[in-house]
Structure formats: structure tokens, C-alpha cells
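Enquirer: Please read through the structure below; I'll follow up with questions.
Bear in mind that the values in this text are calculations on the coordinates, not laboratory data. Keep in mind the model is a prediction, meaning the values are calculated, not measured. In this analysis, Cβ positions are derived from the backbone assuming ideal geometry, glycine residues included, and neighbour counts consider all displayed protein chains.
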Amino acid sequence: MDIRDFSLDHFGLHGRVAIVTGGNTGLGQAFSLALAKAGAHVFVPSVLDDDGTTRDLIEAEGVRYEFLEIDITAAGAPRDVIDTCLDRLGSVDVLVNSAGICKLATVEDFGRPEWDPMIAVNLTAPFELGHEASRHMIEQGSGKIINIASLFSFLGGQWSPAYAATKHGIVGFTKAYCDELGQHGVQVNAIAPGYFATKITEATRADPTTNQRVLDHIPAGRWGDVADLMGATVFLASRASDYVNGHVLTVDGGYLVR
Ligand SMILES: NC(=O)c1ccc[n+]([C@@H]2O[C@H](COP(=O)([O-])OP(=O)(O)OC[C@H]3O[C@@H](n4cnc5c(N)ncnc54)[C@H](O)[C@@H]3O)[C@@H](O)[C@H]2O)c1
């Protein structure tokens, strides 16, 4: 591409179709709306429907919103997600693996009942969804897979060995998929959000000592607002990032440098 051909249109997603797992709450809702604002139709598979807020937000952008109530860890669910999206919206151009859970307990109390569901939601489901989506993306010669990592893709953290294990794992999966899929025009990257004020971090924010410890560690001096993630999402989903492969983009107010 000649440098004169670059344009802000390269950030646009007009007519594209994006799947955002768990895309009607928390960070997921911000990923969905960011993609819709860039012009993409949005398909959200999740265990829980919301009160209609996400549909209203997305449709207000003049794009389509489709919801599928599904547990993405159930046998055959990832294939159902991809097939239903293809059936309802005609394509799968972007996959954002956002759905995630976090169970907290000390090392002594953290056993298989805590470990197994986290591996299933945070790691196995993104892998299976990526596997199913990549068939379609390889065939069309393009696609974007964005895995949602975490600061605990780099750090240990207390009270959830499975969280760090799954978030380290999703970065490995991102790199492995990137390595094979780059040749097919499919870019696989990750976003590692820092500390954001959502349901998953309620317990951390409720404890004044832990809350202050987090704040003291953030050069930006504040918890992340979900809107802080929207630019990174559009970038990694768009043509503007076509030569960005296997990258983990931290959006953390600088947490990792301190
Ligand atoms: N909130 C933060 O500060 C933060 C920081 C770093 C990374 N993350 C990651 O961001 C992602 C989104 O987290 P969030 O904070 O928006 O949490 P959230 O709890 O608001 O959203 C998680 C979503 O996943 C869905 N979900 C859970 N299990 C599912 C299943 N089995 N099948 C289908 N859907 C399922 C839930 O219904 C919910 O909509 C997660 O991967 C999380 O680990 C969050």
C-alpha cells in the first residue's frame, strides 16, 4: 500500500460481522458497542440475556444485533455459535473471546470445583470458538480473532490460580493461532485490560485496602472505565491492524510498568 492510500476509513468495519461472547455486560458490552460504532453487525452469545439495553445501544448505531442464549462450555456449543451467526448475519469476520469468570479462594481452598469451570469458560471455550471460526476465516482469506487476556497473563495474583493459568494460557493460544493463521490473512491478537470497574472486580473494589493497593499501582491514578477499551478493540478488529499479529495490547493505565 502506498502511504497516500492510508485513510481513517481503514478503522471502519462497515458491513462486517462480529461475535462478542458475553458481549452484553461489563467489558463485553463496550467491545460490542465499539464494533457497532465502527459499522459492524454484532452477534452476542451468552448464558444470560440482559434487559434490552445492549440491543438498544447497538441498534441505535444503525447495525444489526443478534443474541443467542447459550452456555459456551456445553458440548457442541462453539459450533452452534458460529453456525447460528453465519445463518443469521451471513459471516464471521471478527471473534472477540470475552466471556470469562473468576472464582476466588486461597491456595488451600482452591480445588477442582473452582479450577474446572474456569478452565472451561476462560480457555477451552475460546479455543473451540477460535477453532470453529478459523475454518470460515481461512476460507474467506481474512478474519480477526481478539482474545481477552488480563494483567494476570503476566502476573500471578492472589486467590485465583486458575485465573492466572487461564489468562497465561489464552496468550499462548493467541500466539500459536497467530503463527499458523497469519498466512491466511487472519490476525490473532489479545487485549489485556488492567483493572476495570465491572462485576468481576466487585470483590476487589469492596475491600478498601485492596482497592487502595490497586490504585497506588496505576500510573494513570484511576480504575479503568470500560470506554477506555473501545479504541483498542476497533483497531484490532479493523484493516488498520492488518500487520499486527500475535500482539497482546495492554490497556491498563500503565499498571505493568510500575
Ligand atoms: N473487569 C476487569 O477489570 C477485567 C480485567 C481484565 C480482564 N477481564 C476479562 O474481561 C472479560 C470480560 O469480563 P467482565 O469484567 O466484562 O465480566 P462480566 O462478568 O461482566 O462478563 C462476563 C460475561 O461472560 C458471560 N459468561 C460467563 N460464563 C459464560 C458461559 N459459560 N457461556 C456464555 N457466556 C458466559 C456472562 O454472562 C457475562 O456476560 C473476561 O474474560 C475477564 O476475565 C476483565
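Enquirer: Give the residue from THR73, ILE218, ILE101 lying farthest towards the positive end of the charge dipole for the range 12-250; charges sit on Cβ (+1 for Lys and Arg, -1 for Asp and Glu) and the dipole is referred to the Cα centre.
Expert: It is ILE218, whose Cα lies furthest towards the positive end.
Enquirer: What is the sum of charges around GLY172, taking Lys and Arg as +1, Asp and Glu as -1, for the other residues whose C-beta is under 15 Å from the C-beta of GLY172?
Expert: So the environment of GLY172 carries a net charge of 0.
Enquirer: Out of GLY111, GLY39, GLY156, any idea which swings most in a Gaussian network model of the chain, alpha carbons joined below 10 Å?
Expert: Top of the fluctuation ranking is GLY111.
Enquirer: Hey, another quick one. Going by how many other beta carbons lie within 10 Å of each one, how would you line up HIS168, HIS131, fewest first?
Expert: The fewest-first ordering by Cβ neighbours comes to HIS131, HIS168.
Enquirer: Quick one: order ASP2, ASP71, ASP252 by neighbouring beta-carbon count within 10 Å, fewest to most.
Expert: So the residues, fewest neighbours to most, are ASP2, ASP71, ASP252.
Enquirer: Would you mind checking the tilt of helix 77-89 against the longest principal axis of the Cα atoms of the chain, expressed as 0 to 90 degrees and rounded to 10?
Expert: Computed tilt is about 40 degrees.
Enquirer: For GLY224, list long-range residues whose amide hydrogen, built 1.01 Å from N in the peptide plane, is under 5 Å from its own amide hydrogen.
Expert: Answer set, sorted by chain and number: TYR195, PHE196, ALA197.
Enquirer: Just check the range 207-258 against the gyration tensor rule for me: Cα atoms, a ≥ b ≥ c as the square roots of the eigenvalues, rounded for a/c under 1.5, and otherwise prolate or oblate depending on whether a/b exceeds b/c.
Expert: Because a/c hits 1.5 or more and a/b exceeds b/c, the range 207-258 counts as prolate.
Enquirer: Pairs on different chains or at least eight residues apart, Cα atoms closer than 25 Å: how many lysine pairs in the chain fit?
Expert: So the count of such lysine pairs works out to 8.
Enquirer: So which residue, out of PRO117, PRO219, PRO208, gets the largest mean-square fluctuation from a GNM of the chain using Cα contacts under 10 Å as springs?
Expert: PRO208
Enquirer: Could I ask something else about it? Quick one: check the C-alpha center-to-center distance for the range 113-175 versus the range 188-253, whole angstrom.
Expert: Cα centroid of the range 113-175 versus Cα centroid of the range 188-253: 16 Å apart.
Enquirer: Still on this structure: Excluding HIS131 itself, what net charge comes from residues whose Cβ is under 12 Å from its Cβ, given Lys and Arg +1 and Asp and Glu -1?
Expert: Taking every other residue near HIS131 into account, the sum is -1.
Enquirer: Which part of the range 223-258 falls in the paramagnetic zone of LEU215, meaning amide N under 20 Å from the point 7 Å along Cα-to-beta-carbon?
Expert: 223-228, 252-258, by backbone N distance to the label point.
Enquirer: What is the calculated FRET efficiency for ALA197 to ARG79, with r their C-beta to C-beta distance and R₀ = 30 Å, to the nearest 0.05?
Expert: 0.30
Enquirer: Sticking with this one: What relative contact order, as a whole-number percentage, does the range 48-196 give when Cα pairs under 8 Å and 6 or more residues apart are counted?
Expert: 23
Enquirer: Select from the range 144-240 those trypsin sites (Lys or Arg not before Pro) which occupy a DSSP coil region and have at most 14 other Cβ atoms within 10 Å, ordered by residue number.
Expert: The qualifying sites are ARG222.
Enquirer: Counting only other residues whose beta carbon sits under 10 Å from that of ASP93, what net charge do I get with K and R as +1, D and E as -1?
Expert: +2
Enquirer: Against the longest principal axis of the chain, how steep is helix 26-37, in degrees 0 to 90 to the nearest 10, with axes from Cα atoms?
Expert: 20
Enquirer: In debye to the nearest 20, how big a dipole does the range 121-248 give about its Cα centre with +1 on each Lys and Arg Cβ and -1 on each Asp and Glu Cβ?
Expert: 180
Enquirer: How tilted is helix 125-140 with respect to the longest principal axis of the chain? Cα atoms for both, answer in degrees (0 to 90, nearest 10).
Expert: 20
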